Amino acid sequence: MILLQLSAGKGPVECSKAVALALRTIEQNCREQSIKVEVVEMVQGQDRHCFKSVLLQFEGADTSAIKQLAESWQGVMLWVCQSLYRPKLKRKNWFFSGEMYEVNDAQLDKEVTFLTCRASGAGGQHVNTTDSAVRATHTATGMSVRVESERSQHANKRLARALLFQKLETVKLEQMTQQEKARWQQHQELERGNPVRTFTGEKFALID
């Protein structure tokens, strides 16, 4: 399983807009390469067209192409554009980042228990008569997620696995010592001076 986390970090609304534009570009890239991409989790920014973070999951027959696409969005990236929200602002550099995760599904499944249950809420007769919802629990930590957004149990299990992995990675970061966090923060700040990708203008055009 290949996951990609896009994040605006603690940046302003313009950085969240850059994440939304990156998402749109990735979706276009996937259509061109016949790669299926699915949004596992999305954190809304202060504007409805902006996202603080987006977690994506990729699927397709050509795994090497999927990995190459995800890796191309890994690292700190720069969007150079006049602010769409503060026209008089002099700043034009907006940073966001991408982090790719290659997950060993078989290994993760050994650490997770899955429980199927009846889905709730809107959805008609199908939702009310099938145990399509899935709760995934990480045995060692007790952390769990429940997914019922899809109509099939298989699809909900796949999303639950991805979402739980992302939650576990977040906890790892939170449990870093202060010294480790300082080193990580310094690394991120240094990388901002050397973005792996640079985009420009409202059309989010990639600069080669």
Inset, instruction - Set the Förster distance to 22 Å, then compute FRET efficiency between Leu89 and Ile207 from the Cβ-Cβ distance, nearest 0.05. - result: 0.55
Legend entry - Expected-Rg normalisation [2.2 N^0.38 Å, Cα atoms] applied to region 23-89: 1.33
Legend entry - Gyration tensor over alpha-carbon atoms, region 1-119, equivalent ellipsoid semi-axes in Å: 30, 17, 13
Legend entry - Label-point separation, Leu168 to Glu99 (7 Å along Cα→Cβ), nm: 1.5
Inset, instruction - Calculate how steeply helix 13-32 sits against the longest principal axis of the alpha-carbon atoms of the chain, using the helix alpha-carbon long axis, and give the answer as 0 to 90 degrees to the nearest 10. - result: 60
Inset, instruction - Give a residue-ordered list of calculated ³J(HN,Hα) values for region 133-143 (Karplus: 6.51 cos²θ - 1.76 cosθ + 1.60, θ = phi - 60°; whole Hz; x for Gly, Pro). - result: 6, 10, 10, 10, 10, 7, 4, 5, 9, x, 5
Legend entry - Built amide H within the under 5 Å cut-off of Ala133, gap 5+: Cys117, Ala119
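Rg/Rh for the chain: what does it come to with C-alpha atoms and Rh from Kirkwood? Write down the numbers at each step before the final one.
On the way: Rg = 18.7 Å, Rh = 18.7 Å.
Across the chain, the Cα-based Rg/Rh ratio is 1.00.
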Inset, instruction - Pull up the cross-link candidates among the lysines for Lys203, meaning alpha carbon to alpha carbon under 17 Å and not fewer than 8 places away within one chain. - result: Lys17, Lys92
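Each value in this text was obtained by applying a stated rule to the coordinates, not by laboratory testing. All values reported here derive from a predicted model rather than from experimental measurement. Heads up, the Cβs are rebuilt from the backbone with ideal geometry, glycines too, and the neighbour counts pull from every protein chain shown.
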